[in-house]
Amino acid sequence: MKISWWKILCIVLLTYVLLGGLLLEVPRKAILNETIRNIYFHVPMWFGMMALCGCSVYYSIRFLRKPDLLSDIKATSYASTGMLYGILGIVTGAVWANYTWGKPWSNDIKQIGAAIALLIYAAYFVLRNSITDIDKRARVGAVYNIFAFAMLLPALWIIPRMMESLHPGGMGNPGADPRDMDTRMRMIFWPAAVPGFILLGLWISNLITRLRKIEDKNLLHA
Amino acid sequence: MPHIFTLLKKDILLELRQQYTFYGVLLYVASSIFVLYLAIQQPESDVWNGLFWIIQLFICVNAVAKSFLQETKGRMLYFYAIAGAQHFIIAKLLYNTFIMLLMSLISLVLFRALLGNPLVNFWQFTGIVCIGSVSLSLVFTMLAAIAAKAQQQASLMAIMGFPIIIPQLLLLMRISKAGMGEAFQAGALSDMVWLLCGLDTLVMVMAVILFPFLWKD
């Protein structure tokens, strides 16, 4: 293992989130009860997904500016980790919704947004697999990645503010409003859960990239 | 600017001479709406609305998919030599928007004639249809350009396009209800229309920026 400071930080933060999130005091609220602890795991998935997909688009733009197969590999590894986070976000959300809203899926506008994001990234991988030429695949994939991300942003950031939603903060801030959260929970959520899970995502992507670099060794040095 | 008009003129002339896409898509519109009529004569307004937009979606995939497929490799090389990528994509966007507007209006008339008329405010709904068909054609033109680079055209376009178009379709179905007599909060309707126009602008800007990368081979 290549040890660097951010990997150690990631382990420390996530250990704190896991122990603190499950053991420390949380406010008692009707309906939510102890499920409120899920906020440490469900919400950071979306922050992580946005960060990872942002990285993926960054590398796609870099590829178009200066064609280099390594950027393409990085773009796909970030996209696949982002998709993993999206799936985990939907699953943790469905489990939570099952106990608080009565059913796992209720066609909430934010659930739809999450499903759209997953479909878009699934289409990205299908598109890539349908092209055999490596350079062309990288280029067309990068174009779709940038285009789809640009179209996804309004779906995730603007439309949820205009429609009614079961999620808290509807008709206003669709994300978590820092002022709404209990002080005890804020101490775990903002400094540890969000950066911790983002770091974990970067770490996973890093591993995928390194694996792909070994697999495609002959391509990269050709 | 003259390049764009020449390319646009070429597309329209080709259409007038071959008359293949136009009548092909027209037949597609007519027969799918006729099948719908046989299946559920006069549906309620919500069903009418949903069916209308789904049919628009499929018409758009069919009408636009052809626009890049018909250009052979040799012809693309010729365009490459005489015009810029931006001119080419703008001409395509304009042409497809025009075709799609025409098809949407025809299908609106057919829907009204065959599937009943739940519309309270016909002209308002017509306006919404125009906005919607522009949005659909712009997004799918860009996707057709991407799909043309991969081999399986139509299926790939659907896979790539449907998730991207869902937000716009949801907005369109929402504002369509204004034409069916639903009252909106003050400002909500114009907010959504502005958002749709903003999305259209975004698609055009992205197409102009990204198409040059698709174009070189």
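All of the numbers you see were taken from the coordinates with simple rules; none came from a lab. All figures in this text were calculated on a predicted structure; none of them were measured in a lab. Neighbour counts run over all protein chains shown; Cβ positions are idealised from the backbone, glycine included.
Can you sort B:R75, A:R161 by how many other beta carbons sit within 10 Å, fewest first? Walk me through the numbers before you get to the answer.
Working: B:R75 10, A:R161 15.
Fewest-to-most Cβ neighbours within 10 Å comes out as B:R75, A:R161.
If the reach is capped at under 18 angstrom between alpha carbons, list the lysines near B:K10, excluding any in the same chain fewer than eight residues apart.
In chain and number order, the partners are B:K66, B:K73, B:K92.
Calculate I(q)/I(0) for the stretch B:5-48 by the Debye formula, one identical point scatterer on each C-alpha and no solvent, and give its log10 at q = 0.16, 0.24 Å⁻¹ to two decimals.
Taken in order of the listed q values, log10 I(q)/I(0) reads -0.59, -0.81.
So if I take the alpha carbon set of the stretch B:91-192, get Rg, then get Rh from the Kirkwood formula, what is the Rg over Rh ratio?
Using only Cα positions, Rg/Rh for the stretch B:91-192 is 1.03.
Along its principal axes, what span do the Cα atoms of the stretch A:1-135 show, with the longest given first and each in whole Å?
If we take the Cα atoms of the stretch A:1-135, the spans are 56, 40, 21 Å.
Just to confirm the number: angle between the C-alpha axis of helix A:5-23 and the first principal axis of chain A, 0 to 90 degrees, nearest 10?
Orientation of helix A:5-23: about 30 degrees from the principal axis.
Measuring from centroid to centroid over Cα atoms, what is the spacing of the stretch B:11-75 and the stretch A:86-128 in Å?
The stretch B:11-75 and the stretch A:86-128 have Cα centres separated by 31 Å.
Can you divide the C-alpha Rg of the stretch A:69-222 by 2.2 N^0.38 Å and report the result to two decimal places?
It is 1.23.
Using a Cα distance threshold of under 19 Å, what count of lysine pairs results for chain A when pairs must be 8 or more residues apart or interchain?
11
Find the Cα radius of gyration of the stretch B:1-153, compare it with 2.2 N^0.38 Å by division, and give the number to two decimals.
1.14
Convex hull over the alpha-carbon atoms of the protein assembly as shown: what's its volume per residue in Å³?
166 Å³
What does the highest-first list of B:9-20, B:54-65 look like by mean Cβ count within 10 Å?
Top to bottom by mean Cβ count within 10 Å: B:54-65, B:9-20.
Taking only Cα atoms, what is the 0 to 90° angle, nearest 10, from helix B:21-39's long axis to the longest principal axis of chain B?
The answer is roughly 30 degrees.
For the stretch B:82-146, what number results from the quotient of the Cα radius of gyration and 2.2 N^0.38 Å?
Numbers: Rg = 14.8 Å, N = 65, 2.2 N^0.38 = 10.7 Å.
That ratio works out to 1.37.
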